[in-house]
């Protein structure tokens with residue numbers, strides 16, 4: 001994991017919008033951490049600006065914005081959490 | 001919710017946030033709470049029912065809410081709980097789920113596996129449990145299941161298709177199709193929640209005029 005937003009904004013690592021109280025988000029991050037995936041986590045519950053940023057991409061967290069522009073919402077068999 | 005072991009005492013209840021305090025502390029979604037509060041779904045008949053229920057000797061005088069401001073189900077349903085409390089003179093207090101795990105543990109759903117919110121718990125004036133409502137109405141759950149079924153049919157997916165077993169892009173299409181079907185149902189789900197809360201209270205208090 002990295003906190004370097006610049007790297008993420010350059011499209012080199014995935015951006016993941018999360019809520020720490022969301023079970024699907026926790027499961028995704030646990031999987032990525034186990035796989036040593038480097039990512040930029042942006043927690044939408046911490047600011048309206050980040051939440052609004054996430055809403056540009058989807059309606060369910062976790063929302064993953066991959067370096068190639070692909071966007072995924074939710075994780076696994078769960079619907080995820082509406083934002 | 002078992003009264004013998006509950007952590008929800010009268011003193012604990014008093015420690016909850018008022019709606020105003022909750023909104024003041026919320027970092028997100030204040031606009032959505034205000035929008036739903038200003039677009040109430042309670043009818044005049046609903047208000048009369050809740051007033052009558054609160055006047056029952058064993059009726060609700062306290063309403064405990066478990067919530068988090070970031071949750072879509074919460075900003076959809078909490079303003080309705082506030083309207084119910086206001087219409088019937090019920091004291092409403094809000095407890096943040098992630099700061100009150102002991103309270104949340106009393107109201108787990110999905111066979112004890114889910115910490116779904118919001119939870120609305122009605123208590124008597126001396127904090128005896130009456131009934132509670134979790135997340136969304138049964139009809140809303142059914143509506144979600146129907147939306148998934150309809151999406152599978154439109155996308156020619158097998159009945160066994162879930163979000164977890166489809167590869168992209170089929171998973172993405174499935175998800176977006178389901179979302180597009182349920183989004184217009186938000187106000188209906190809010191009305192259904194009121195209906196279900198009325199039924200829960202009517203059943204618990206043996207009132208004859210359930211919705």
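Averaged over peptide A:72-82, how many Cβ atoms belonging to another chain are found within 10 Å of each residue's Cβ?
Counting other chains' Cβ atoms within 10 Å and averaging over A:72-82 gives 5.
Sort all Cα-Cα distances of segment A:5-82 into consecutive 5 angstrom bins from zero, then give the percent of pairs in each bin up to the one containing the longest distance.
3, 18, 28, 29, 17, 4, 0
Considering only DSSP beta bridges where both residues belong to chain B, give the percentage that are antiparallel (nearest 5).
Given both bridge residues lie in chain B, the antiparallel proportion sits at roughly 65 percent.
Over all directions, the average projected area of the alpha-carbon convex hull for segment B:1-134 comes to how many nm²?
Result: a mean projected hull area of 7.9 nm².
Does anyone have the angle between helix B:138-154 and the longest principal axis of chain B? Alpha-carbon axes, 0 to 90°, nearest 10?
Tilt relative to chain B: about 10 degrees.
So what's the angle, to the nearest 10 degrees on a 0 to 90 scale, between helix B:72-88 and the longest Cα principal axis of chain B?
Between helix and principal axis, roughly 30 degrees.
Taking chain B as the reference, fit the longest principal axis to its C-alpha atoms, fit the long axis of helix B:186-205 to the helix C-alpha atoms, and give the angle between the two in degrees, 0 to 90, nearest 10.
Taking the Cα atoms of chain B, the angle to B:186-205 is about 40 degrees.
Remind me, what semi-axes does the protein assembly as shown give for its equivalent ellipsoid, largest first in whole Å, using sqrt of 5 times each Cα gyration tensor eigenvalue?
Values for the protein assembly as shown, descending: 36, 22, 17 Å.
Running a GNM on chain B with Cα contacts under 10 Å, which residue among B:161, B:69, B:151 ends up with the highest mean-square fluctuation?
So, out of B:161, B:69, B:151, the one fluctuating most is B:161.
By average Cβ neighbour count within 10 Å, what is the ranking of A:19-28, B:166-175, B:58-67, A:38-47 from highest down?
B:58-67, A:19-28, A:38-47, B:166-175
Only the coordinates and a few stated rules stand behind these numbers; no lab work does. Just so it is clear, the model here is predicted, and its values are computed rather than measured. Positions of Cβ are backbone-derived with ideal geometry, glycine not excepted, and every protein chain shown enters the neighbour counts.
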